[in-house]
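Structure first, commentary second.
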Number of protein chains: 4
Amino acid sequence: MTLLTKSHVKLPQRGRPRSEESRQSILLGTAAILAERGYEGLSIEAVATKAEVGKQTIYRWWHSKADLVIDALSELAAQQVDIPDTGSVTGDLRELLKNAFFVLTATPSGNAVIGLLVATQRDTRISKVFRERFVEKRRGAVREIFQRGIQREQIRANLDTDLIIDLIYGPMWYRLLVGHAPLDEVFADTLVEQIMVLLKE
Amino acid sequence: MTLLTKSHVKLPQRGRPRSEESRQSILLGTAAILAERGYEGLSIEAVATKAEVGKQTIYRWWHSKADLVIDALSELAAQQVDIPDTGSVTGDLRELLKNAFFVLTATPSGNAVIGLLVATQRDTRISKVFRERFVEKRRGAVREIFQRGIQREQIRANLDTDLIIDLIYGPMWYRLLVGHAPLDEVFADTLVEQIMVLLKE
Amino acid sequence: MTLLTKSHVKLPQRGRPRSEESRQSILLGTAAILAERGYEGLSIEAVATKAEVGKQTIYRWWHSKADLVIDALSELAAQQVDIPDTGSVTGDLRELLKNAFFVLTATPSGNAVIGLLVATQRDTRISKVFRERFVEKRRGAVREIFQRGIQREQIRANLDTDLIIDLIYGPMWYRLLVGHAPLDEVFADTLVEQIMVLLKE
Amino acid sequence: MTLLTKSHVKLPQRGRPRSEESRQSILLGTAAILAERGYEGLSIEAVATKAEVGKQTIYRWWHSKADLVIDALSELAAQQVDIPDTGSVTGDLRELLKNAFFVLTATPSGNAVIGLLVATQRDTRISKVFRERFVEKRRGAVREIFQRGIQREQIRANLDTDLIIDLIYGPMWYRLLVGHAPLDEVFADTLVEQIMVLLKE
DNA sequence: AACTAACCGAGACGGTACGTCTCGTCTTCGC
DNA sequence: GCGAAGACGAGACGTACCGTCTCGGTTAGTT
């Protein structure tokens, strides 16, 4: 029994344990610099300085800038996407979009997200993680709103869900990146209005 | 005679005239590298090498990388966007999108355009030029299709045109950048299908 | 006496005693690396790795690289400076110098000793140890040779001993460090020849 | 003929010429830091910062710290070894040694020279330069003093000059490095006294 | 037998400096 | 003016060690 237990036990931790404080500091610093200067403007040196950490401590745990950004992104993505529940699909979508617009235009996270999107164009690993951990989460929120709407019979059941989600988030990204028109409440309202037409057929 | 000619010229054009060959070579090289390595991966050094030109010749005529990219972009954007005319709005939109998808996914221009979009995030001047010379042209094409459709009474007249255009091009950019689904003919067809619902109310 | 001293001190000797095995391993490792890579190429890190010892175990017992090297050299050579006794001062000095030349030029100790010299320039504590443990021992050997010579009436009694010793060891160091001429037997012979002139007046 | 001519013609200087201003700034900065922090405390990084120069500009022209220090010292001191001429060999040697003692003990050059010695042990090229530019110059001074003394018949002609010079400079280095006794005027006087015995037989 | 103190190995920590690289700029040459 | 060449200031790269700190574990007394 003892032997069994022992075989289960992990190897005893040797040496000084990794500093959780440093890890946090590095990931936060990475996110901050990403927001300020974008992916290409992010240097390990700057992260080390900002996080008050030795460069080696970064290189010890992440072997590339992309790796670091992926982890920072994960930390960022871990933020709870709260799915509004106003009782109607229209209300839920409006709320969801307004929150998203606010985060993207009025918080540092917005810039960081743009930086991340830029980063995805340079590294497919980042692209994958960005899609799985960030984009999918937000698409999932819409899917849940739709399901609730179907159950309540507010919208029709035979939706091409993925396409509709592209029609919701696509214009958002388009405006955010091209900047030809603002991401404001009017846009949220009119966009949702059009989407509702499609949801009710 | 030579003297006479010179006296005619207002600006006394001294020294060797600017090499048009070099100018073309530089702009083409810039576009090529933009396509290969993106905006941040573009260095004047690399352009000079590729264009077989001295670095100083670039700096003499363009103040910055952004300046250079803007000019290269103008050259690129000068490409005629031909507006399809199949007789129906549905057909026109399908054609327009399929062409756009092809260019973006199967030609070097696609990468260059993504590179440019990335560049816009770092420089508002580039952003402006990109919008005016590139985006607007393509939005204009859709507007023309809509106008013809209204004249033919294929679609209703009281459209929120700009919003509908966002609903067309937004999903395209979204898929191009995020890569969660392909930019293929099926997508073009289903996207246009949904848009047509909105155009007919 | 030793016993008395010990009983007086009555060191409480609590906790785990110092590991003699580690001590040996460290000193041997130091000597080995010294031989391979010289004084400048010696790092505490490398010693710890080679000796399979934690770095702290080194820092706990030695304050600096120079400290460590001094101990390693002492251990390695057992460093008994055997004072030759050939019957004549001339013979004794020749023997002494030839031995010294051999050690300095044909063993790793030569390089190590030079490295130590540099270290002494920055740390007076090390300088003191180096003088007491290395230099004085060798100067004492010459003093003993002189005393025997005086007793045998081979040399005069009123010597400025310290100055003469400088005249013996000085040229040795000079050639060792500057390398403008070899530390060979010819040098030993001619040097002793000149010194004998001064010893006999 | 053409070939011959070509071989005579200097290569046309291509590219930007070396900046004399930077060269001066680097050497002055090196000298300043040498004085402040000594040889071991001198880092290329610090020199670059102080001289307001890119690190590469230092590495382009000097292979190592020792190289740089050699040039800085040469420049700084212009290093005229003035050979005293008091009329007697005794007086000349006394003067020469007292000057040397002063420079070595009371100026930053002393520390620098010691630092250079280490470097010579790791790099024979530096060793060579050190010998030729520093040591030989000073040995030459003694040779000249001896020649004048021989002409004036103050000393015998059949000297083993190199050995005697070792007997003069050796003790100086020995005391400088080991520090067992001071480099003072008393030492200069008694050392010269002994040397004179050998010079007169 | 339990407790305590000092050791041990391992290895992470914040740092400094290394020598290399590439950037955009500057400065010269010869055509 | 142009191409080419190459030095320049700047600053990030990834590595090597520094000397310190912090773990789990050992090895002796002392209680």
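The values are calculated or read from the model by the stated rules, or taken from the named source; none is laboratory data. Quick caveat: nothing in here was measured; it's all calculated off a predicted structure. As a convention, Cβ positions derive from the backbone with ideal geometry for all residues, glycine included, and neighbour counts pool all protein chains shown.
Taking the conditions (1) within 21 Å of B:Asp92 (Cβ to Cβ); (2) at pLDDT 95 or above in turn, B:Pro182 satisfies each one other than (1). Only a single item in (1) modelled with pLDDT under 90; (2) in contact with a Phe, Trp or Tyr (Cβ under 6 Å, 6 or more places away or on another chain) is not met by A:Asp82, and it is number (2). Taken over segment D:133-153, the criterion of being within 11 Å of D:Asp85 (Cα to Cα) and basic (Lys, Arg) is satisfied by D:Arg148 alone.
Within segment A:32-79, the residues that satisfy the criterion of being hydroxyl-bearing (Ser, Thr, Tyr) and within 13 Å of DNA strand F (Cβ to nearest atom) are A:Tyr39, A:Ser43, A:Thr49, A:Thr57, A:Tyr59, A:Ser64. Being part of a helix (DSSP H, G or I), loosely packed, with under 14 Cβ neighbours inside 10 Å and either of a type outside the set (Val, Ile, Thr) or within 13 Å of chain D (Cβ to nearest Cβ) (or both) is a condition met by no residue of segment C:112-119.
Tally the residues that are crowded, with 20+ Cβ neighbours inside 10 Å, touching a residue at least 40 places away in the same chain (Cβ under 8 Å) and not β-branched (Val, Ile, Thr), restricting the search to segment D:120-133.
Result for segment D:120-133: 1.
When residues in segment A:14-50 are screened for being away from DNA strand E (no atom under 13 Å from the Cβ) and loosely packed, with under 12 Cβ neighbours inside 10 Å, 0 of them pass. No other residue among B:Ala112, B:Ala66 is more than 27 Å from B:Ala181 (Cβ to Cβ) and aliphatic (A, V, I, L, M) apart from B:Ala66.
Keeping to segment C:22-56, report how many residues are in a helix (DSSP H, G or I) and closer than 16 Å to D:Arg122 by Cβ. Selection size over segment C:22-56: 5.
A:Gln24 meets each of the listed conditions (1) at pLDDT 90 or above; (2) more than 13 Å from DNA strand F (Cβ to nearest atom); (3) in contact with a helix residue (DSSP H, G or I) (Cβ under 7 Å, 6 or more places away or on another chain) apart from (3). When the test is whether a residue is more than 14 Å from every other protein chain (Cβ to nearest Cβ), closer than 30 Å to D:Val113 by Cβ and either in a helix (DSSP H, G or I) or at pLDDT 85 or above (or both), C:Ser74 passes it. Look at segment D:19-47: where a residue is away from chain C (no Cβ under 14 Å) and a partner is more than 15 Å from DNA strand F (Cβ to nearest atom), sitting 6+ places away or on another chain with Cβ atoms under 6 Å, you get D:Leu27/D:Ala72; D:Leu27/D:Glu75; D:Thr30/D:Ala72; D:Ala31/D:Ala72; D:Ala31/D:Leu76; D:Ile33/D:Leu42; D:Ala35/D:Pro108; D:Ala46/D:Ile33.
Kindly indicate whether any position in segment B:120-135 is closer than 23 Å to B:Ala106 by Cα, assigned to a helix (DSSP H, G or I), out of contact with any strand residue (DSSP E or B) (no Cβ under 8 Å at 6 or more places or on another chain) and more than 8 Å from every other protein chain (Cβ to nearest Cβ). Checking segment B:120-135: at least one residue is closer than 23 Å to B:Ala106 by Cα, assigned to a helix (DSSP H, G or I), out of contact with any strand residue (DSSP E or B) (no Cβ under 8 Å at 6 or more places or on another chain) and more than 8 Å from every other protein chain (Cβ to nearest Cβ). When A:Tyr59 is tested against the conditions (1) of a type outside the set (S, T, N, Q); (2) surrounded by fewer than 17 Cβ atoms within 10 Å (Cβ to Cβ); (3) more than 13 Å from DNA strand E (Cβ to nearest atom); (4) outside any loop (DSSP other than H, G, I, E, B), the lone failure is (3). Here A:Ile145 does not qualify as closer than 13 Å to A:Tyr39 by Cβ, more than 16 Å from DNA strand E (Cβ to nearest atom) and either β-branched (Val, Ile, Thr) or surrounded by fewer than 18 Cβ atoms within 10 Å (Cβ to Cβ) (or both). Taking segment C:149-191 as the range and being away from chain D (no Cβ under 11 Å) and assigned to a helix (DSSP H, G or I) as the test, the residues that pass are C:Gly149, C:Ile150, C:Gln151, C:Thr161, C:Glu185, C:Ala188. Only one of the numbered conditions (1) at pLDDT 95 or above; (2) charged (D, E, K, R); (3) exposed (fewer than 14 other Cβ atoms within 10 Å of the Cβ) is not met by D:Asp92, and that is (3).
Residue by residue, here is whether (1) over 30 Å from A:Thr161 (Cα atoms); (2) out of contact with any Gly (no Cβ under 7 Å at 6 or more places or on another chain); (3) of a type in the set (Val, Ile, Thr) holds:
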site	(1), (2), (3)
A:Glu45	yes, yes, no
A:Val69	yes, yes, yes
A:Ile83	no, yes, yes
A:Thr90	no, yes, yes
A:Phe102	no, yes, no
